[in-house]
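Undergrad: Shown below is the structure under consideration.
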Amino acid sequence: MTSLERVLTTLGHKEPDRVPVFLLLTMHGAKTLGLSIKEYFSNPGHVAEGQLQMLRKFGHDCVYTFYYAAIETEAWGGEVIYRDDGPPNAGAPLISNVSGIRSLVPPRVAESRCLWKVLETTRQVKTEVGNSVPIIGVVMSPFSLPVMQLGFENYLEVIYNHPDLFNDLMAKNEVFCIEWANAQLQAGATAICYFDPVSSPSIIPSDLYHSTGFSVASRTLAQIKGPTATHFASGRCLPSVELLAKTGTAVLGVSALEDLGEVKRVLNGRLSILGNLNGLGMVDWTIAQTREKVREAIAKAAPGGGFILSDNHGEIPYQVKDETLMAIVESVKDFGTYPIVH
Amino acid sequence: MAATLKTLAVDFERALLLLDKQQATSLIAQAMTLGGVQEVIQQLIVQPLTHIGNRWQAGSVALSQVYMSGRICEGLIDDLLPQTTLARRAQPRMAIAVLNDSHALGKRIIYSSLRASGLELQDFGHGVTVDQLVQRTIAQAIDILFVSVLMYPSALSVKAVKQGLGGTRTKVMVGGAPFMLMPDLWRQVDADAFGVNAADALDFINKHTVTQGS
């Protein structure tokens, strides 16, 4: 099976030849090419080459065209702060006073240099991998982007106390998110990962999610012209699973704080599972620990398909060693070949 | 059945989780007819906030509820204990900061909760560099420094903060997602303690105060 066939089979809740494994690597390509993280992300060709070299080196099952979360607020006019040992981070929020929401104008994807780089990377890797390997693009959800637009405190005040401003902001963010997701699909992405950490029950209660993040996701995902995976970036999902299953997403990213077996049981085939190796934990894992973590995850979630092994956050730390990443993929081959032997 | 501070505390926690500030205010007023200020603060504010923080850690309460509860209590405590009053507890000199990162919600929660517990601490802000943090901590002769981080590389920078504070008596408690997901990380960066919520911060303050006093 090709990687794409393997993934499509599991998403159909059938067992492929082995468990698919997504190493959601963003910065390791810089290391591979001997570049600083800033240099690496300055050129779409670097990121394309980095992704392709990592695909060959590790033998996992996806290309990940995600640069860094702050690239979206960069497109809205925000600052990005680079560092040598981690992902570029968002600078100060775009607006300091919530009334500034009224004057925000969504950027046009075609006019944004930073978003163009991601699209160009997508086109380049698509030329190389064709339909053999899924290309995973990323958007921040309209509901979660405001953490970088306003700051978390201001945003919570808007959610709880300013419904008109909230609705105005969501309308603008939805327009941007849909255009950005569809541009990536058009450039060659196979699916879109919809990062929505604020919707996690770790951040807002499920009843509030129903009237906010759920409605936003339902409207937005319906207009994205390709399959989507919802990811809470380490946040829990279980208390909101019933609603999540109705948003139109096909896959759910699971936190390392939750039990894969329980999530699988509750979902009962309605969504596929992506997760949930502890990305930060990988920094210190020995090879033996790595193998045990992979074996355990596979035993809990792989039988019957509907499972892609991955990290829990959607961005593996720069400090995770290549040997650990290789051990993850090798362990998948050892323990994740179907039928799964308990 | 006549209300007691204990029964009012249950109602107060419920009001906080529903973000019902009016009800919370009314319950505090009712409690003040049953006990002294410090007793009301301890039973109606500190204990419910501690319980809410523990429930967040266990996954049954959301971070937004922890944050909003702290803000409500901070407002109530300011009414009960104006900043200049002598009723605020004698305490170590304390400060809190977000190291390198811009996400200040965790810092705000701890800051509000500690103030709502009748304590005072300085807010050194967010996006603070290692050098800035070390300089301000030394200049202000801080006894307890709370350091919040979001990103893993920022967590690693705590080690440089500790090195910069070498020779001082400042104790550093760290918090934030990287420390929750890597239980040994706080030791690796030489922090003195790791806290998940305001209750852990209060415990650390109490232990440090006892140590200082003994």
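Quick grid of which residues meet (1) farther than 24 Å from A:C177 by Cα; (2) in a helix (DSSP H, G or I); (3) in contact with a His (Cβ under 8 Å, 6 or more places away or on another chain):
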{"position": "A:T32", "(1), (2), (3)": "yes, yes, no"}
{"position": "A:L55", "(1), (2), (3)": "yes, yes, no"}
{"position": "A:Y67", "(1), (2), (3)": "no, no, no"}
{"position": "A:I101", "(1), (2), (3)": "no, yes, no"}
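Undergrad: Go through B:L63, B:L76 for me and flag whichever is touching a helix residue (DSSP H, G or I) at 6+ places or on another chain (Cβ under 7 Å), under 22 Å from B:A24 (Cβ atoms), at pLDDT below 90 and hydrophobic (A, V, I, L, M, F, W, C).
TA: Selected residue: B:L76, the only one of B:L63, B:L76 that is touching a helix residue (DSSP H, G or I) at 6+ places or on another chain (Cβ under 7 Å), under 22 Å from B:A24 (Cβ atoms), at pLDDT below 90 and hydrophobic (A, V, I, L, M, F, W, C).
Undergrad: Run A:P239 past the list (1) crowded, with 21+ Cβ neighbours inside 10 Å; (2) in contact with a Pro (Cβ under 6 Å, 6 or more places away or on another chain) and report the number of the one that doesn't hold.
TA: A:P239 satisfies every listed condition except (1).
Undergrad: Right, next: Condition first: surrounded by 17 or more Cβ atoms within 10 Å (Cβ to Cβ) and touching a residue at least 40 places away in the same chain (Cβ under 8 Å). Now tell me which residues in segment B:112-143 satisfy that.
TA: Matches in segment B:112-143: B:S112, B:S113, B:L114, B:R115, B:A116, B:S117, B:G118, B:L119, B:R136, B:T137, B:I142, B:D143.
Undergrad: Next up: Just to verify a result, which residue in segment B:144-165, among those that are within 12 Å of another protein chain (Cβ to nearest Cβ) and part of a helix (DSSP H, G or I), is surrounded by the most Cβ atoms within 10 Å (Cβ to Cβ)?
TA: B:A155
Undergrad: Specify which of the listed residues (A:L119, A:L24, A:L104) is over 28 Å from A:V251 (Cβ atoms) and away from chain B (no Cβ under 14 Å).
TA: After applying the criteria, what remains is A:L104.
Undergrad: Considering A:L94, A:L145, which residue is buried (at least 16 other Cβ atoms within 10 Å of the Cβ), within 12 Å of another protein chain (Cβ to nearest Cβ) and hydrophobic (A, V, I, L, M, F, W, C)?
TA: A:L94
Undergrad: Is there a residue in segment B:166-188 that is buried (at least 19 other Cβ atoms within 10 Å of the Cβ) and over 30 Å from A:H313 (Cα atoms)?
TA: yes
Undergrad: With within 12 Å of chain B (Cβ to nearest Cβ), out of contact with any Asp or Glu (no Cβ under 9 Å at 6 or more places or on another chain) and in contact (Cβ under 8 Å) with a residue 24 or more places away in the chain as the only criterion, which of A:P227, A:P239 stands out?
TA: A:P239
Undergrad: Quick one: which of A:Y40, A:Y68 is without any contact (Cβ under 8 Å) to a residue 40 or more places away in the chain, of a type in the set (S, T, Y) and within 24 Å of A:A233 (Cβ to Cβ)?
TA: So the residue among A:Y40, A:Y68 that is without any contact (Cβ under 8 Å) to a residue 40 or more places away in the chain, of a type in the set (S, T, Y) and within 24 Å of A:A233 (Cβ to Cβ) is A:Y40.
Undergrad: Output the residue which, of all residues in segment A:71-91 that are touching a Gly at 6+ places or on another chain (Cβ under 8 Å) and either of a type in the set (V, I, T) or more than 10 Å from every other protein chain (Cβ to nearest Cβ) (or both), is surrounded by the fewest Cβ atoms within 10 Å (Cβ to Cβ).
TA: Among those residues, the one meeting the criterion is A:I81.
Undergrad: Looking only at segment A:207-244, how many residues end up being in contact with a helix residue (DSSP H, G or I) (Cβ under 7 Å, 6 or more places away or on another chain) and in a loop (DSSP other than H, G, I, E, B)?
TA: Total meeting the criteria: 9.
Undergrad: Now for a different question. Could you please let me know if B:A95 is more than 14 Å from chain A (Cβ to nearest Cβ) and either assigned to a strand (DSSP E or B) or at pLDDT 90 or above (or both)?
TA: yes
The values are calculated or read from the model by the stated rules, or taken from the named source; none is laboratory data. Everything numeric in this text was worked out from a predicted model, so none of it was measured. Glycine gets a Cβ as well: all are built from the backbone with ideal geometry, and neighbour counts include every protein chain shown.
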